[in-house]
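Here the structure is laid out as structure tokens; the discussion comes afterwards.
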């Protein structure tokens with residue numbers, strides 16, 4: 001099943017995001033205030049910094065090493081100030097609206113001196129029919145527009161693809177059968193890259209974060225399972 005080509009952008013600051021922020025967070029009906037129900041937030045360090053700290057309303061929420069994905073943490077619903085601080089001193093800050101009883105992923109991308117803090121709403125329903133759900137985030141600041149395809153290792157299975165994914169853009173979910181897959185990534189106008197094999201389990205949801213790599217490898221992929 002192909003990814004839908006209409007992509008939603010995870011933007012870098014509230015001033016640029018405008019309507020796109022509301023679409024990404026899915027907050028059309030509820031602002032999280034006036035309720036005791038919390039929200040849940042996890043964080044991913046996809047930046048070039050070996051260590052970052054995530055702050056919620058100026059209080060430390062969690063610390064992350066290189067390529068680390070935190071568990072979901074309970075946070076108060078409503079208007080929240082999120083900040084990512086790199087070990088080297090760089091920071092990215094943004095104010096967001098977290099809905100009660102909703103789940104979110106905050107991704108730190110970029111370099112220590114030019115951090116980006118991206119936020120997305122996570123689906124909480126189980127994929128039907130024993131399938132798995134997959135979506136892709138372009139968090140590689142040094143890489144241009146990407147084409148990607150998740151291809152099953154077994155013959156005869158369905159693949160999922162996305163075209164023209166720009167930095168900070170997030171694809172919709174695609175449903176795939178459980179099994180082993182390979183993620184093929186190609187920078188538009190550049191040379192192709194192949195990520196390691198990805199094993200998808202039934203009833204699970206996956207965020208594949210494409211980010212910059214060091215050394216001879218140009219890209220790496222972080223897998224955040226839900």
Conditions (1) more than 17 Å from the chain's Cα centre (by Cα); (2) assigned by TED's automatic domain parsing to the domain that holds residue 44 -> residue 104 fails only (1)
Which one is nearest to the chain's Cα centre (by Cα), of the residues in region 134-178 that are at pLDDT 95 or above and over 29 Å from residue 116 (Cα atoms)?
-> 176
Just one of (1) in a strand (DSSP E or B); (2) surrounded by fewer than 18 Cβ atoms within 10 Å (Cβ to Cβ) trips up residue 119, so point out which.
-> (2)
Restricted to region 37-62, and to residues that are in contact with a strand residue (DSSP E or B) (Cβ under 8 Å, 6 or more places away or on another chain) and over 21 Å from residue 110 (Cβ atoms), which residue is surrounded by the most Cβ atoms within 10 Å (Cβ to Cβ)?
-> 39
Of (1) outside the structural domain of residue 52 (by TED's automatic domain parsing); (2) at pLDDT 95 or above; (3) within 13 Å of the chain's Cα centre (by Cα), residue 117 satisfies all except one. Which?
-> (1)
Can you pull out the residues in region 154-171 that are under 22 Å from residue 128 (Cα atoms) and surrounded by fewer than 18 Cβ atoms within 10 Å (Cβ to Cβ)?
-> 154, 156, 157, 158, 159, 161
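The values are calculated or read from the model by the stated rules, or taken from the named source; none is laboratory data. For clarity, every value in this text was computed on a predicted model and none was experimentally measured. So basically every Cβ, Gly included, is an ideal-geometry build from the backbone, and we count neighbours across all protein chains shown.
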